[in-house]
1. Across the chain, how many lysine pairs, 8 or more positions apart or on different chains, have C-alpha atoms separated by under 17 Å? Please give the number.
2. Among Leu48, Thr122, Met90, whose Cα sits farthest toward the positive end of the charge dipole of the chain (+1 at Cβ of Lys/Arg, -1 at Cβ of Asp/Glu, about the Cα centre)?
3. Provide the gained length on full extension for the span Lys5 to Lys79, in nm with one decimal, where the gain is 0.36 nm per separating residue minus the Cα-Cα distance.
4. When the C-alpha atoms of the stretch 6-185 are aligned to their principal axes, what extent does each axis show, in angstrom, from largest down?
5. Residue by residue, what Karplus-based ³J(HN,Hα) values in Hz, rounded to whole numbers, does the stretch 126-134 have, using 6.51, -1.76 and 1.60 with θ = phi - 60° and x for Gly and Pro?
6. What are the ³J(HN,Hα) values, in whole Hz, obtained from phi via the Karplus relation 6.51 cos²θ - 1.76 cosθ + 1.60 with θ = phi - 60°, for each residue of the stretch 32-41 in sequence order, with x given for Gly and Pro?
7. Take Asp150 and Ala35, extend 7 Å from each Cα along the Cα→Cβ direction, and tell me the distance between the two endpoints in nm.
8. Would you pull out the residues with amide H under 5 Å of Met84's amide H, same chain only if 5 or more places away, H placed 1.01 Å from N?
Amino acid sequence: MNTIKSICVYCGSGNGSDPAFEQSAFLLGKTMAKAGIRLVYGGGNTGLMGTVARSVIDHGGLVTGIIPDFLKDREVMLKDADEMIVVPDMHTRKQLMFEKADAFVALPGGVGTLEELVEQLTWAQLGRHTKPILIADINGFWKPLLSLFDHMRETRFIRDGFHVNYLIAEQVDDIVPMLTAAARQAMPSVENLAVVEKL
């Protein structure tokens with residue numbers, strides 16, 4: 001049986017315009033800490049990134065931050081994480097985040113958050129991993145993206161046999177139970193343990 005011991009959270013380095021975004025990041029961090037699930041994230045101390053990480057730490061949880069050297073100052077590297085890995089570039093950051101996570105969650109964020117989410121969806125679509133991917137649609141933030149996915153299906157750019165599989169949670173309380181259930185249902189896969197290469 002697969003279990004979730006770590007979750008990679010993608011989210012904004014800003015807080016956004018809706019207070020619910022920051023509240024959700026705080027609650028997710030608290031929930032993960034209470035469940036004994038390690039946070040894997042981008043290493044910053046600003047915006048939703050900082051909120052979720054500090055919440056995990058404040059509630060007794062463990063945090064792995066992975067940050068490129070050139071972003072240490074811009075994203076104000078979190079010094080309280082029990083593990084902080086400084087890497088030379090974004091590619092290495094994303095690779096390590098993948099390797100260290102059992103599942104992925106996308107909270108609201110900008111272009112970087114979108115890029116990271118879509119990359120994991122692509123890798124899963126290509127059969128490179130079976131780790132659960134969850135879109136946290138807080139106050140409908142991701143609705144335009146979900147509509148775009150529907151449009152891609154309707155126009156057959158997402159075709160039969162090349163499904164894009166993801167979970168959607170509108171409430172933070174549902175995130176960990178949904179990921180846990182998905183991990184239990186997933187077939188064991190060598191790709192879950194291996195480094196994603198040649199992508």
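1. On the way: Lys5/Lys30; Lys5/Lys34; Lys5/Lys100; Lys5/Lys131; Lys72/Lys94; Lys94/Lys131; Lys94/Lys198; Lys100/Lys131.
Counting lysine pairs in the chain gives 8.
2. Thr122
3. Numbers: separation 74, 0.36 × 74 = 26.64 nm, distance 2.24 nm.
Result for the pair: 24.4 nm of gain on full extension.
4. 46, 34, 34
5. 7, x, 7, 7, 10, 5, x, 10, 10
6. Going residue by residue, I get 5, 4, 5, 8, x, 9, 6, 8, 10, 7 Hz, with x marking Gly and Pro.
7. 2.7 nm
8. Hits under the 5 Å cutoff: Gly65.
Each reported figure results from applying straightforward, stated rules to the coordinates on display, with no laboratory input. This structure is a prediction, so every number in the text was calculated from the model and none was measured. For neighbour counting, all protein chains shown are included, and Cβ atoms are generated from backbone atoms with ideal geometry for every residue, glycine included.
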